[in-house]
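Below is one structure, written out as structure tokens; the observations come after it.
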Amino acid sequence: MKASASVWVGRVLSGLFALFILGASAAPKLMGMPIADEIMAQLAWPPGYVFGIGVLELTLTVLYIYRPTSVLAAVLFMGLFGGAMATNLRADQPLFSHTLFSVYL
């Protein structure tokens, strides 16, 4: 049985989301790039949390890609994004480019 066009659009969007999280968010944290530490310092987070947040993002992305756990991962991602939004709001970051970015995702 062939998948409908809406199923393929959902798969493509899910794949793009997973690639974005892995490439733009988890990888810099897991590879110890200085930019991750700088951004966390701007947000008043201790530098020791960078790697743990990267592991959490990687774990949630793997759960999201694995179909039986994708709904659980989506719910957990919403919690992670809510925390990111609260952190940006507390740090007085620009509203539309930083604070609401997690809503855009």
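The values are calculated or read from the model by the stated rules, or taken from the named source; none is laboratory data. A quick note: this is a predicted structure, and the numbers were derived from the prediction, not measured. When we count neighbours, we look across all protein chains shown, and the Cβ atoms used for this are built from the backbone with ideal geometry, even at glycine. What goes into the accessible areas is simple: the full protein's heavy atoms, side chains included, and nothing from ligands, DNA or RNA. Shrake-Rupley method; radii C 1.70, N 1.55, O 1.52, S 1.80 Å.
Side notes on the structure shown:
- Answer from Leu30, Leu56 - the residue that is modelled with pLDDT of 95 or more and either of a type in the set (S, T, N, Q) or farther than 27 Å from Gly10 by Cβ (or both): Leu30
- For the stretch 84-102, the criterion of being under 14 Å from the mean Cα position of the chain (by Cα) and among the charged types (D, E, K, R) is met by none of the residues.
- The helices (runs of 4 or more DSSP H) found entirely in the stretch 1-68 that carry 2 or more residues being of a type in the set (A, V, I, L, M, F, W, C), in contact with a Leu (Cβ under 7 Å, 6 or more places away or on another chain) and farther than 21 Å from Thr99 by Cα are 49-65.
- Yes/no for Ala84 being in contact with a Phe, Trp or Tyr (Cβ under 7 Å, 6 or more places away or on another chain) and either over 23 Å from Trp45 (Cα atoms) or surrounded by 15 or more Cβ atoms within 10 Å (Cβ to Cβ) (or both): no
- Here Leu105 does not qualify as over 15 Å from Ala18 (Cβ atoms) and surrounded by fewer than 16 Cβ atoms within 10 Å (Cβ to Cβ).
- When residues in the stretch 69-92 are screened for being in a loop (DSSP other than H, G, I, E, B) and either within 22 Å of Thr59 (Cα to Cα) or free of Cβ contacts under 8 Å to residues at least 12 places away in the same chain (or both), 1 of them pass.
- Evaluation of Met1 against the conditions (1) open to solvent by 60 Å² or more (accessible area, probe 1.4 Å); (2) at pLDDT 95 or above shows that the sole unmet condition is (2).
- Residue satisfying all of: in the stretch 93-102; more than 21 Å from Ala27 (Cβ to Cβ) and part of a helix (DSSP H, G or I); most open to solvent (accessible area, probe 1.4 Å) among these: Phe96
Here's the yes/no breakdown for (1) touching an Asp or Glu at 6+ places or on another chain (Cβ under 7 Å); (2) closer than 21 Å to Asp92 by Cβ; (3) surrounded by 11 or more Cβ atoms within 10 Å (Cβ to Cβ); (4) touching a residue at least 12 places away in the same chain (Cβ under 8 Å):
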{"residue": "Leu22", "(1), (2), (3), (4)": "no, no, yes, yes"}
{"residue": "Ser25", "(1), (2), (3), (4)": "yes, no, yes, yes"}
{"residue": "Gly32", "(1), (2), (3), (4)": "no, no, yes, yes"}
{"residue": "Asp37", "(1), (2), (3), (4)": "no, yes, yes, yes"}
{"residue": "Ala44", "(1), (2), (3), (4)": "no, yes, no, yes"}
{"residue": "Gly48", "(1), (2), (3), (4)": "no, no, no, no"}
{"residue": "Glu57", "(1), (2), (3), (4)": "no, no, yes, yes"}
{"residue": "Thr61", "(1), (2), (3), (4)": "no, no, yes, yes"}
